[in-house]
Amino acid sequence: MRGERATAERARVLIIVQNLPVPFDRRVWLECRTLARAGLDVSVVCPRGSGTGRFQVVEGVSIHGYRPYAPGGSALGFVLEYAYSFLATLWLVLRARRGGPFAVLQACNPPDIFWPIAWWLRLRDGTRFVFDHHDLCPELFRSRFEGGSRLALRGLLALERQTFLAADHVVSTNTSYAEVAVERGGKPASEVSVVRTGPDLERLRPVEPDPALRRGHRHLVAYLGVMGPQDGVDIVIAAADLLVNRWGRRDVAFTVMGDGDSRAALVAERDRCGLQDVVELPGRVSDATMVAVLSTADIGLSPDPSNPLNDVSTMNKTMEYMALGLPVLSFDLPETRVSAAGAASYVAADGGAEAYARALVELLDDPARRVEMSRTGRERVEQELAWVHQQETYLGVVEDLIGCAARVDASAAGSRVTEG
């Protein structure tokens, strides 16, 4: 069986992620658990999260954390943040390697800056490199800094090309990203695999609704995810303002869970609109709280607007809503349609906050449609999208690369014996 040798030898795998701490990064944590359960020795280098220190072992996964540094959301701020993250990551990679060489390095983006570490480990140890393609950094820049520097965009494209060039295999989150790897990155299709960020059905099990979470309102709608300029959470606040202050709908409560660069501005806008009793912004919450809120809510909000990044990206929150049987309200984005299909109600891609708010009201007032969407979403996750259906492809990629590394190691050892 493929992987028996790798399991027996406790091959070492190192995962680098900069965007989120682990285990908070859902995708990376699913990957870590899959590898650890297969008997591999898994280490992670990432920024520290709330309540975590320099080193911890969680479910057999060794997590090396560095102090996060985020000087702001400007282009210069990102440059400083990524330079710091690269140096901090390199230091911890060196520390983690004291336990022995790694058979496989996995780097997750954004940003596309870790390919020099991959080349160095390959030259030193024969380490194979898998690129876990979470985001399209050039499209992220175009979406976040409309009309931004062409030089900066060319730089991001160059970093992306170097990452693809260094990778032995690319794992893409959807078919749109896989096409970029082939067409823009020049990777052979045989070196690209689609592994969707499927929900973990062990973690996402609906619980009994808690009426207290509605805070005295008839309906509850919820958002879960990152709060950056490109995530459209400002549309949720604007929609709540329309419902309450213009249309007089006082039967809807909003719970907006998550954190990010825009959260402080969103709280300020909520307060400016006088929506403190309607819109709750609790920040990051525990899994138990998240499941309780989404099990109680009537609709899951995916307000990501149409832009070069969102049009081709799969939204993790959409999949998690579906896993908990929650109807989704989304703008009409190509990859969201691929994932959600009939589990979502779609607002015209060029629509704004008012169109989103009107669609929200229509869906709230149509309970029969919500029931059908709930059933469709849960079935799609259980039968096709859940991590249990994705993990075999992912594990196969890593184990195949471990086999390549072992063959290279054996060849090098044979050469040394011959030379002696």
Item to check | Shape category assigned to region 352-394 from the gyration tensor of Cα positions, a/c cut at 1.5 | outcome: oblate
Next on the checklist: Once you order the gyration tensor axes a ≥ b ≥ c over the Cα atoms, which shape class does region 132-265 get: rounded for a/c under 1.5, otherwise prolate or oblate by comparing a/b with b/c?
Outcome noted: oblate
Next on the checklist: Let me check I've understood the local charge: for residue 61, count other residues with C-beta under 11 angstrom from its C-beta, Lys and Arg +1, Asp and Glu -1. What total comes out?
Outcome noted: -1
Checklist entry - Can you give the calculated 222 nm mean residue ellipticity of the chain, where each DSSP H run of n ≥ 4 adds -39,500 (n - 2.57) and the sum is split over every residue, rounded to the nearest 500 deg cm²/dmol? => result -14000 deg cm²/dmol
Checklist outcome for this item: Plugging the Cβ-Cβ distance of residue 201 and residue 361 into 1/(1 + (r/R0)^6) at R0 = 35 Å yields, to the nearest 0.05, a FRET efficiency of 0.65
Item to check | Accessible area, probe 1.4 Å, largest first, for residues 374, 74 | outcome: 74, 374
Checklist entry - So which GluC sites (Glu not before Pro) in region 101-162 pass both tests, a DSSP loop state and at most 14 other Cβ atoms within 10 Å of the Cβ? => result 146
Checklist entry - So what J values fall out for region 366-381 if you push phi through Karplus, 6.51 cos²θ - 1.76 cosθ + 1.60 with θ = phi - 60°, rounded to Hz, Gly and Pro as x? => result 10, x, 5, 5, 4, 4, 5, 5, 4, 4, 4, x, 4, 5, 4, 5
Next on the checklist: Tell me the Rg and the Dmax, in Å, that the Cα atoms of the chain produce.
Outcome noted: 22.3, 85
Checklist entry - Which one of 190, 242, 177 is farthest out on the positive end of the charge dipole of region 173-309, using unit charges on Cβ (Lys, Arg +1; Asp, Glu -1) and the Cα centre as origin? => result 242
Checklist outcome for this item: Applied in sequence order to region 395-403, the curve 6.51 cos²θ - 1.76 cosθ + 1.60 (Karplus, θ = phi - 60°) yields integer Hz couplings, x standing for Gly and Pro, of 4, x, 4, 5, 5, 5, 5, 4, x
Checklist outcome for this item: Here the relative contact order (percent) of the chain, from C-alpha pairs under 8 Å and at least 6 apart, is 15
Checklist entry - Averaged per residue, what accessible area in Å² does the chain show with a 1.4 Å probe, protein chains only? => result 43
Checklist outcome for this item: If N is the residue count of region 93-171, its Cα Rg over 2.2 N^0.38 Å rounds to 1.23
Next on the checklist: Between 202, 379, 280, where does the largest GNM mean-square fluctuation fall for the chain, given springs only between Cα atoms within less than 10 Å?
Outcome noted: 202
Checklist entry - What are the residues whose amide H is under 5 Å from the amide H of residue 58, where those residues sit 5 or more places off or on another chain and H is modelled from the backbone? => result 63
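What does the charge add up to near residue 251, with Lys and Arg as +1, Asp and Glu as -1, over the other residues with Cβ less than 13 Å from its Cβ?
Value of the local net charge: +2.
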Next on the checklist: Restricting the calculation to Cα positions, tell me the Rg (one decimal) and the Dmax (whole number) of region 132-171 in Å.
Outcome noted: 11.1, 34
Item to check | ³J(HN,Hα) computed for each position of region 103-113 - Karplus, 6.51 cos²θ - 1.76 cosθ + 1.60, integer Hz, glycine/proline x | outcome: 6, 9, 10, 10, 10, 10, 10, x, x, 8, 10
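Of all DSSP beta bridges in the chain, what percent run antiparallel (nearest 5)?
Values: 4 of 48 bridges.
Around 10 percent antiparallel, to the nearest 5.
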Checklist entry - Could you give the length gained on full extension between residue 56 and residue 404, defined as 0.36 nm per residue of separation minus the Cα-Cα distance, in nm? => result 122.3 nm
Checklist entry - In whole angstrom, how far apart do the alpha carbon centroids of region 119-141 and region 168-207 sit? => result 14
Next on the checklist: Rounded to the nearest percent, how much of the accessible area of the chain (1.4 Å probe, protein heavy atoms only) is carbon and sulfur?
Outcome noted: 53
Checklist entry - Can you give the Rg to Rh ratio for region 123-207, taking only C-alpha atoms and Rh from Kirkwood? => result 1.08
Item to check | Förster radius 51 Å - calculated FRET efficiency between residue 341 and residue 91, Cβ distance, rounded to 0.05 | outcome: 0.70
Checklist entry - Where a ≥ b ≥ c are the square roots of the eigenvalues of the C-alpha gyration tensor, would you call region 238-396 rounded, which needs a/c under 1.5, or, failing that, prolate if a/b is larger than b/c, or oblate? => result prolate
Item to check | Probe 1.4 Å - accessible area at residue 382, Å² to nearest ten | outcome: 80
Next on the checklist: So, R0 is 25 Å and r is the distance between the beta-carbons of residue 184 and residue 37; what FRET efficiency does that work out to, to 0.05?
Outcome noted: 0.15
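The values are calculated or read from the model by the stated rules, or taken from the named source; none is laboratory data. Since the model is a prediction, treat every value here as computed from it, not as a measurement. A quick note on method: Cβ atoms are made from the backbone with ideal geometry, for glycine too, and the neighbour counts reach across all protein chains shown. Surface accessibility is based on the protein's heavy atoms, side chains included, excluding ligands, DNA and RNA. Shrake-Rupley method; radii C 1.70, N 1.55, O 1.52, S 1.80 Å.
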